[in-house]
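Contents: one structure, followed by commentary.
The values are calculated or read from the model by the stated rules, or taken from the named source; none is laboratory data. It should be emphasised that the depicted structure is a prediction, and the values quoted were computed from it without experimental measurement. Ideal geometry is used to build each Cβ from the backbone, glycine not excepted, and the neighbour counts take in all protein chains shown.
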Amino acid sequence: MIQKTMGAQSLAFTEAPCIISSASVVGKKESEGPLGDLFDMAGEDDLFGEKTWEEAESRIQKEACVLALGKAHVGPDQVRYLYGGDLLRQGIATSMGAEELQIPMFGLFGACSTSGEALALASMSAAAGYGEYMLAVTSSHFGTAEKEFRFPLSYASQRPLSAQWTVTGSAAFLVSSRPGPVRIAGVTVGKIVDFGLKDSQNMGACMAPAAADTIARNLEDFGREAQEYDRIITGDLGYVGQSILLDLMRERGIDISGLHLDCGKLIFDQQTQDTHAGGSGCGCAAVTLASYILPKIISGEWRRVLFVPTGALMSTVSYNEGASVPGIAHGIVLEQCPDWKEED
């Protein structure tokens, strides 16, 4: 058996698939943040040479995929399946971005948790022997997200302090059954958690309960203490959501305050970049994983990390009808492969 169920929501891989390469592409604002020097590619502006923001988002998805494949010297024709998604209606950024690669594709929607969803499915497929290579990719774009979910930028509406800044960025991950520097040792698939919050300008609060649920479930399913992870890293709760998450975990008798990081806090400088509560969007967790988290695992600074991208499952229809904003979070257990050596 190459994988086994753990507890109520998790899987452990006895022959763990590996992330053998990754790539990140970001916009100008992201390149000016604390992680700016770590990204593979940054645009001089947020159009990336295209005419519309939507075309720009598709462009950066394709660029991230091409870069990740190139690092591993793998051609698109060698990839069995692509798992990808974004925030836009019908996933157009992914479908248009991946079209040229001609890889059989599963289009996903998990809001800002999509990188976790894609990595979970890619690792499950690789572990099951469905193919040697799987590609996981996601993206977001500040301009496209504001236009679709809030107000057109030209409207110049004032953003509350609880609002987060949608990251313009895309990251791709090549997952394989062959050895690599970081293995996906297990996954915890999240449930939809809804505390009845309706404020789309406070997504950290909407997503924090789902993050707490998934983290607690991961620890229970795998029979672990929080301290058995070097870091527990959420996707984009930001400053508001992180505070709520830590409180919710303490209510469960679990203290992760000394272990927790959040990609939404890492990617921007709150003091100088005017992003209010931090970063968000599918690209937030994805580009931080590719540029910052994976290198720390590869170097051995962190040996086991629980990566938990978080998503606010709203649409323009649900928002306009006054519905609450449910959250979801997926847990990906990432471990260093100390015996792995790069092939010449």
Contacts under 8 angstrom Cβ, first residue in segment 253-282 being more than 21 Å from Asp86 (Cα to Cα), partner among the acidic types (Asp, Glu) and modelled with pLDDT of 75 or more, 6 or more apart: Leu259/Asp230; Gln273/Glu32
Could you pull out the residue among Leu306, Leu245, Leu294 that is within 13 Å of the chain's Cα centre (by Cα), buried (at least 22 other Cβ atoms within 10 Å of the Cβ) and in a helix (DSSP H, G or I)? Leu294
Take the residues in segment 228-282 that are β-branched (Val, Ile, Thr) and touching a Ser or Thr at 6+ places or on another chain (Cβ under 7 Å), then tell me which one is modelled with the highest pLDDT. Thr234
Top-ranked residue of segment 249-266 - restricted to ones that are crowded, with 18+ Cβ neighbours inside 10 Å and closer than 19 Å to Cys206 by Cβ, ranked as farthest from the chain's Cα centre (by Cα): Met249
Set Gly131, Gly110: member being farther than 20 Å from Trp53 by Cβ, in contact with an Asp or Glu (Cβ under 6 Å, 6 or more places away or on another chain) and touching a residue at least 24 places away in the same chain (Cβ under 8 Å): Gly110
Here's a check for you: in segment 1-53, which residue that is polar (S, T, N, Q) and within 19 Å of Val167 (Cα to Cα) is farthest from the chain's Cα centre (by Cα)? Thr52
Over segment 52-64, the set of residues out of contact with any strand residue (DSSP E or B) (no Cβ under 9 Å at 6 or more places or on another chain), touching a residue at least 40 places away in the same chain (Cβ under 8 Å) and either small (Gly, Ala, Ser) or not in a helix (DSSP H, G or I) (or both) is Ala56
If a residue must be β-branched (Val, Ile, Thr), part of a loop (DSSP other than H, G, I, E, B) and either at pLDDT below 95 or in contact with a helix residue (DSSP H, G or I) (Cβ under 7 Å, 6 or more places away or on another chain) (or both), how many such residues does segment 65-122 contain? 1
Being buried (at least 23 other Cβ atoms within 10 Å of the Cβ) and under 26 Å from Leu121 (Cα atoms) is the requirement here; does Gln61 meet it? yes
Would you point out the residue of segment 195-213, among those that are of a type in the set (S, T, N, Q) and touching a helix residue (DSSP H, G or I) at 6+ places or on another chain (Cβ under 9 Å), that is modelled with the highest pLDDT? Asn202
